[in-house]
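Here is the structure we will look at, set down as structure tokens.
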Amino acid sequence: MERIERETSQPIKLQRVLRRTLLRNKHSLFFATIALVLCVIAVEGKLTDRQGRGAQFENPFFDLEIAPDIGSSLR
Amino acid sequence: MENTQQESAKLDAKWRPESAIKARNLCKSYGSFRALDGIDLDIPRGAICGLIGPNGAGKTTALKSLVGLCDSDGELSVIGHDPRVARASLMNDACFVADVGVLPKSLRCIDLLAYVDDVHSKFNRAKALRFLATTDIDLKKRVKTLSKGMVTQLHLALVMAIDVELLILDEPTLGLDIIYRQEFYDCLLTQFYDGSQTIVISTHQVEEIESLLSHLIFISHGKIVFSTEMEALQQRFVEVTVDAENYAAADALNPIYTRATLGGKEYLFELEAGERGLGDRSRFERLGRVSTPSVADVFVAKLGASHG
Amino acid sequence: MDSLAIGTRSIRRWRGLLLREIRENRSLLLYAPCLLVLVAILLGMRLFTLLPLERQKAGLELLFNRFEGLNASVVAPLLTSAGALNLLFIIGIATSYLASSLYADRKEQSYFFWQSMPISDRSTILSKVVTAVVMIPGIYLGVLTAGSLMLIIGVAGYSFSLGVELNGLQELFAAMLVALGFIGLSALVAMLWLLPGVGWVVLFSAYASRVPLLWAIGVLVALSLLEEIVLGSNAIDTWIASRSSPWQYLVFSFEDMAARLFSYDMLFGAALGAMLITGATLMRRFAD
């Protein structure tokens, strides 16, 4: 069978490299995806000096006090 | 993806335009196990091609590679598409039936029809309903309530109502009783195939599909052992039931396979290229009764030869 | 094929994809919301009817008097906050759905049928994301609206039978409708805010060979621990904590919603979600 000569462009070469490394199997893809996302989170946190605000119950829109006498009227 | 599609187009142009499926050095490994080991394929349009092999030969892996359901290495063109990068557009013109048990169990039959009608531009709902009207399937029931045979009928109805160029069937009648199996192949030939489509069927029950095939491929341990057109098979091989007194003479003619039968021994001979189609088989007729071998016999012989 | 035909075909395709999700997951997407809302209403009614009759009457009088003359948009935020539990239900249903979305068809082998259709992996996974982010909140809100209407009618009828004057019924009804609207918007904003979580669960649904949700949670906890032990940093914990305030999930006005949707944190989260969803899309090629 004759060998078919093919021109290989840069995007094709890049695809081949990706297929042999990150897309080799599902495990490599999985770890690559997670690693990428975690790196982005870490770098973003450093750049923006992200602070972990804990659960806060401040309410800028209204007062949580509704009817102070509701408890006594229901007893 | 655009560059890959251009690449695919360049490959396709160098291959015969009448090839439905063309593969070169197709390989697929699962860890250290090589399921496909350098497969070359050239299946012409309009062929009904049987992919025959024992369990674990690589039939399913080969067929899944053809429709992009598993990744593979090597050059591959299926009706002008590379299934690894253009599976969705390939499936507009091709159908794949993996196994009778793959229909989604929780859906109702009517919902399944509605889904295919919505997503497939070449699906003819009226045609599918006409076929289903000849069965006992209650369309309001869920797929999981159907018997195995009914699931086959439902899947077949869906497939036959889609106007495709290529149909790939992976052991479609596995586990079915003989009535459903016969019905399946009858419908395939009478209601679907019109000579322009290409069908590839894999099976290890060779005798069932022998009469349908125009082309034949034997596969074992991930490699193609043998491939031919059915007409050429009949000209290329001779089976002789040899009388006991002629065993030595038969052995001297280098048979590719022998097996004992009640009446004597059966010998299988492969003719040289120059001898095929000449019609002169007198040297075999002197040994005993000459007949055309079955595909199963040729398969066993070729498989034995490939294992050395 | 002209652009109108292409557009029509595309709409039909998406209709088929989304209807498939509803039909395949009827129990989770339709029956579960109905059950949750029904149980919540019945539980509330039962607890209320345990009170003595005089207290029931006093409570109902207070309710209708309080709402009489009130502007719905003033009161609605209170009802929206009270309905925040519904957001938890929606997130729970969506998480359960996403965890099985790419896992179930691999497990039962129907993956080969779905992949034999002319639908790309990207469309398949996008349809599941759209189902989680839009359809599940939409269906739940529909059920909640129907349940709330029946509840208001029931409460009004019961109050009337006790001789309570229904002066504030109109305002209560209006406030409830506005609150339901904001719960719906909150659900949408919450699901968009949770796109990184959506992507995370979808990735594990595509990858795990069993119990994908447990893997998704377990791996996150393990990575957080490992980061602290090995690197001595808390980037993962900090990032999660910075997105965990309850008020980040509730919307009380349209201006608030617009500000949230185009905020840096929302867009950054969406980008992370997109990365994870892309990983899940590529993962489909290894589903055999």
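Tell me, which residue of the range C:244-262 that is under 12 Å from C:Leu192 (Cβ atoms) and either of a type outside the set (A, V, I, L, M, F, W, C) or within 8 Å of chain A (Cβ to nearest Cβ) (or both) is nearest to the chain's Cα centre (by Cα)? My answer is C:Tyr249.
Looking at the range B:55-68 only, could you name the residues that are in a loop (DSSP other than H, G, I, E, B) and out of contact with any strand residue (DSSP E or B) (no Cβ under 7 Å at 6 or more places or on another chain)? Even if it seems obvious, please write down each step before you answer.
Of the residues in the range B:55-68, the ones in a loop (DSSP other than H, G, I, E, B) are B:55-58, B:67-68.
The answer is B:Asn55, B:Gly56, B:Gly68.
Within the option set B:Lys127, B:Lys105, B:Lys141, being basic (Lys, Arg), over 30 Å from C:Ala5 (Cα atoms), surrounded by fewer than 22 Cβ atoms within 10 Å (Cβ to Cβ) and more than 11 Å from chain C (Cβ to nearest Cβ) holds for one residue only, B:Lys141. Taking the range C:81-99 as the range and being within 14 Å of another protein chain (Cβ to nearest Cβ) and at pLDDT below 95 as the test, the residues that pass are C:Ser81, C:Ala82, C:Ala84, C:Leu88.
The set of residues in the range C:249-284 that are under 27 Å from C:Ser100 (Cβ atoms), modelled with pLDDT under 90 and either of a type in the set (Ser, Thr, Tyr) or out of contact with any Leu (no Cβ under 8 Å at 6 or more places or on another chain) (or both) contains only C:Tyr249. Taken over the range C:226-241, the residue count meeting the criterion of being under 8 Å from A:Gly52 (Cβ atoms) and either acidic (Asp, Glu) or within 7 Å of chain A (Cβ to nearest Cβ) (or both) is 4. The condition (being among the small types (Gly, Ala, Ser) and away from chain B (no Cβ under 14 Å)) is satisfied by just one residue among C:Ala5, C:Ala76: C:Ala76.
Among the residues of the range C:257-265, are any in a helix (DSSP H, G or I), under 30 Å from C:Leu78 (Cα atoms) and among the basic types (Lys, Arg)?
Applying the first criterion (in a helix (DSSP H, G or I)) to the range C:257-265 yields C:257-261, C:264-265.
After this cut, where a residue has to be under 30 Å from C:Leu78 (Cα atoms) as well, the list is C:257-261, C:264-265.
Of the ones still in play, those that are also among the basic types (Lys, Arg) are C:260.
So far as the range C:257-265 goes, yes, one or more of its residues are in a helix (DSSP H, G or I), under 30 Å from C:Leu78 (Cα atoms) and among the basic types (Lys, Arg).
Of the set (1) facing chain C (nearest Cβ under 10 Å); (2) not in a helix (DSSP H, G or I), all apply to B:Asp117 but (2). All conditions in (1) within 14 Å of chain B (Cβ to nearest Cβ); (2) in a helix (DSSP H, G or I) hold for C:Ala156, with the sole exception of (1).
In summary, strands (runs of 3 or more DSSP E) completely within the range B:157-272 and bearing 2 or more residues that are touching a residue at least 12 places away in the same chain (Cβ under 8 Å) and under 18 Å from the mean Cα position of the chain (by Cα) occur at B:166-170, B:198-203, B:215-220, B:223-229. Taking each residue of the range C:19-36 that is touching a residue at least 12 places away in the same chain (Cβ under 8 Å) and looking for partners that are part of a helix (DSSP H, G or I) and basic (Lys, Arg) with beta-carbon atoms closer than 9 Å, six or more apart or interchain, yields C:Glu21/C:Lys128. Residues of the range C:263-288 that are more than 10 Å from C:Trp193 (Cα to Cα), within 20 Å of the chain's Cα centre (by Cα) and not small (Gly, Ala, Ser): C:Leu272, C:Leu276, C:Ile277.
Just to be sure before I move on: is C:Gly197 among the small types (Gly, Ala, Ser) and without any contact (Cβ under 8 Å) to a residue 24 or more places away in the chain in the structure I sent? Steps first, answer last, please.
Details: among the small types (Gly, Ala, Ser): yes; without any contact (Cβ under 8 Å) to a residue 24 or more places away in the chain: no.
Criteria not met by C:Gly197.
The values are calculated or read from the model by the stated rules, or taken from the named source; none is laboratory data. Keep in mind that this is a model prediction, so the values were computed, not measured. A quick note on method: Cβ atoms are made from the backbone with ideal geometry, for glycine too, and the neighbour counts reach across all protein chains shown.
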